[in-house]
Amino acid sequence: MSILPFDQRDGVIWMNGRLLPWRDAKIHVLSHGLHYASCVFEGERAYGGRIFKSREHSQRLRDSARILDFEIPYTVDDLDAAKQAVVDRNGFSDCYVRPIAWRGSEMMAVAAQNSTINVAIAAWDWPSMFDIETKMQGVRLEFAEYRRPDPQTAPCMSKAAGLYMICTISKHRAERRGFADALMLDWQGRVAECTGANIFFTRDGALHTPIADCFLDGITRRTVIDLARRRGMEVHERRIMPDELAGMNECFLCGTGAEVTPVAEIGPYRFRPGNVARTLIEDYATEVRRAS
Ligand code: PMP
């Protein structure tokens, strides 16, 4: 099956304050964002035409840019309205939303203080995968070769395009070897996250997840912690070393794209997707469609 490339679709894309025909939303090859990775983005989902946690994502986009030393020239309210306009004008119900901000072409060297900041928002159909029995089989992961960098080495709290370089390499290697994804350790050898999702484990009914101090503290991660606590589960955010995985019962990933996805295997460790993951898959499915 051939998939229509993303630059050859129809619809509208919001760019710098205007809705453009999809194919006209272009940038010049001499853009700082492309050469020097001065680029931040978001990944969001709409359910039933409404973007889940839109405000939190808009705020994170602005925060990500500030960490890279640039200011997005739109408020959270502006971004929220623009995102909703993109969903509405394309006529989407369940879709993925991709806001992105990058430095333009005024300065083409490392220093780029005077560059204009560009912002675009696109969206595409992406029905959520709530076929629970398929999900409950669990995905297989390998350990990634790359580690999440020390916060003194990279701006790891920003959802910055440059930080995804090691994720793409790791995910390619995992898929080549027949795995769904790779689990990345952090710079100190502790369990961190996957290439585009956070990770949770269960032991004796309690949730255990790494402290998000050198990787993205996902909006889904925080939602899952909240849902689990509402169910009366204990949630421990703590340092987790890889050899502890032998004593864990369940494991699952979570993220805007992954939603809640059970894991069956990580390297030599095996997990049995069970009731905790099933409950949180269902609670998450309800939460994202709940009228706010
Ligand atoms: N970690 C990484 C590296 C990601 O790309 C994502 C997806 N944005 C997440 C975690 C999960 O974040 P969220 O729940 O906010 O989508």
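Within region 9-111, which strands (runs of 3 or more DSSP E) (wholly inside it) include 2 or more residues that are within 27 Å of Met157 (Cα to Cα)?
Once the strands (runs of 3 or more DSSP E) in region 9-111 are filtered for at least 2 residues that are within 27 Å of Met157 (Cα to Cα), what remains is 12-15, 39-41, 44-47, 95-103.
With (1) crowded, with 19+ Cβ neighbours inside 10 Å; (2) over 16 Å from Tyr284 (Cβ atoms) as the list, and Glu259 as the residue in question, which single condition is left unmet?
That leaves (2) as the condition not met.
Among the numbered criteria (1) within 26 Å of Cys214 (Cβ to Cβ); (2) without any contact (Cβ under 8 Å) to a residue 40 or more places away in the chain; (3) of a type in the set (S, T, N, Q), which one does Thr116 miss?
In the conditions (1) within 26 Å of Cys214 (Cβ to Cβ); (2) without any contact (Cβ under 8 Å) to a residue 40 or more places away in the chain; (3) of a type in the set (S, T, N, Q), Thr116 misses (1) alone.
Quick grid of which residues meet (1) over 17 Å from Asp186 (Cβ atoms); (2) under 21 Å from the mean Cα position of the chain (by Cα); (3) surrounded by fewer than 18 Cβ atoms within 10 Å (Cβ to Cβ); (4) within 15 Å of the ligand (Cβ to nearest atom):
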residue: Ile219; (1), (2), (3), (4): yes, yes, no, yes
residue: Met233; (1), (2), (3), (4): yes, no, yes, no
residue: Glu244; (1), (2), (3), (4): no, no, yes, no
residue: Glu250; (1), (2), (3), (4): yes, no, no, no
residue: Leu253; (1), (2), (3), (4): no, yes, no, yes
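Only one of these is under 21 Å from the mean Cα position of the chain (by Cα) and touching a residue at least 40 places away in the same chain (Cβ under 8 Å): Arg45, Arg66, Arg55, Arg62. Name it.
Only one candidate qualifies: Arg45.
Quickly run through region 227-267 and pick out the residues that are at positive phi and outside any strand (DSSP E or B).
Result: Gly232, Gly267.
Throughout, read-outs are computed from the coordinates displayed, never taken from laboratory work. Please read these numbers as outputs of a predicted model, since none were measured by experiment. We place every Cβ from the backbone using ideal geometry, glycine too, and count neighbours over all the protein chains shown.
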